[in-house]
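Working notes for the structure below.
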Amino acid sequence: MTGRTITFEIFRCDPQHPNDSARMQTFELTEAPGMTVFIALNQLRKEQDRSLQFDFVCRAGVCGSCAMVINGMPTLACKTLTSQFKSGKIKLMPLPGFELIGDLSVNTGKFMRSLSERLQGWLVPAGAERSFDAVEATMEPQTAEMIYESERCIECGCCVSACATAQMRDTFIGAVGLNKIARFTLDERDGRGPDDFYHVLGGDDGVFGCMTLLGCADACPKGLNLQMQISYLRRKLALNPDRII
C-alpha cells in the first residue's frame with residue numbers, strides 16, 4: 001500500500017550568499033509509516049535537494065538541535081510525526097530570535113553560551129573552604145527531584161521562539177534563563193540566592209518582563225513546568241526582607 005503524498009513548504013535562505021533572498025520552496029514526498037519531520041527532511045536532502053540546511057545530532061529528543069517551527073509551533077523535528085498533520089501540508093520555518101545560519105538552521109549555541117555567561121550558569125559553592133576530600137553533603141530527595149526537573153531543559157530554544165517578550169526585547173532572558181536561575185537558587189550547595197541575580201532577575205529582563213502568556217510552557221518539548229519556575233522566583237524575591245520591590 002502506497003502512502004499519501006506530503007507537501008512541505010520550507011523556508012530557504014543562505015545568508016552566506018549576499019544575493020540570496022528569503023523564499024518558500026515546495027517539496028513533495030511519499031509518507032512512510034512512523035515518518036517524522038526529521039526523517040522526511042533527511043530524505044528530501046538525499047533525494048531532491050542536497051543544499052537543504054537543518055541541524056540534528058541525537059535524533060531522540062535529547063540534544064534539541066533539530067528545533068524549528070512546524071506549522072506555526074516551535075518544536076523538535078525528530079519528535080514530530082508527519083501523520084499528525086491530517087491535511088498532509090507541513091510548513092517549516094527556522095526558530096525566530098536566533099542568528100540564521102541557513103534555511104532551517106539557527107545558531108542557538110551562541111545565544112545559550114552568551115546567556116550562561118551573563119547569568120553565571122554554573123555552581124558557585126557556598127563557603128570559603130573547599131576540599132576535594134570532603135564528604136559530600138546529603139540533600140533532601142524532594143530538593144534533588146526539583147533540581148533534576150530543572151536540569152531536564154535541553155536548551156533547544158523553543159521557549160525563546162514562542163515567547164512574545166523575547167521577540168520584542170532581545171535582552172529578556174526568557175524561560176530558559178529563568179529556569180537556569182531557579183535551578184541554582186534551589187541548590188543548597190550554591191552560595192548564591194535570588195538577590196545575587198537581582199540585577200537581571202528583578203527587572204524587565206527577568207521575571208517582571210514575563211507577560212504570563214505561557215507560550216514557553218506550550219512549546220517546551222520536554223514538558224517542563226516553566227510557569228512554576230517563574231512563580232517560584234517571583235515569590236522568592238517578594239519574600240526577601242532585604243529587598244523592597
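The values are calculated or read from the model by the stated rules, or taken from the named source; none is laboratory data. This structure is a prediction, so every number in the text was calculated from the model and none was measured. Quick reminder, even Gly has a Cβ in these numbers, built from the backbone with ideal geometry, and neighbours come from all protein chains shown. Ligands, DNA and RNA are excluded from the accessible area calculation, which covers all protein heavy atoms including side chains. Shrake-Rupley method; radii C 1.70, N 1.55, O 1.52, S 1.80 Å.
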_On a full-extension model of 0.36 nm per residue, what is the gain between residue 137 and residue 79, subtracting their alpha-carbon distance, rounded to one decimal in nm?_
17.1 nm
*Using a 1.4 Å probe, what is the accessible area per residue for segment 5-105, in Å²?*
51 Å²
*Cα→Cβ-extended label distance, 7 Å offset, between residue 58 and residue 91, nm*: 3.0 nm
*Going through segment 104-170, which trypsin sites (Lys or Arg not before Pro) have at most 16 other Cβ atoms within 10 Å and a DSSP loop state?*
130, 152, 169
*In Å and from the alpha-carbon atoms only, list the Rg and Dmax of segment 137-220.*
13.6, 43
*Build a GNM of the chain with springs between Cα atoms under 10 Å: which of 126, 137, 40 gets the top mean-square fluctuation?*
137
*Which entry is the computed mean projected area of the Cα convex hull in nm² for this structure: [x] 14.2; [y] 17.1; [z] 16.2?*
[y]
*Please build a GNM for the chain, connecting alpha carbons under 10 Å apart, and tell me which residue among 193, 61, 127 fluctuates the most.*
127
_Quarter of the Cα convex hull surface for segment 5-105, i.e. its orientation-mean projected area (nm²)_ = 6.3 nm²
*Taking amide H positions as placed in the peptide plane 1.01 Å from N, state which residues far from residue 101 in sequence (5 or more) or on other chains have amide H under 5 Å from it.*
106, 107
*Residue-by-residue Karplus 3J(HN,Hα) for segment 45-58, coefficients 6.51, -1.76, 1.60, Hz, glycine and proline x*: 5, 6, 9, 10, 8, 6, 8, 5, 10, 7, 10, 6, 9, 8
*Can you give the relative contact order of the chain as a percent, counting alpha carbon pairs under 8 Å and 6+ residues apart?*
17 percent
*Could you pull out every one of the lysines with an alpha carbon less than 28 Å from that of residue 79, ignoring same-chain neighbours closer than 8 positions?*
46, 89, 91, 110, 180, 222
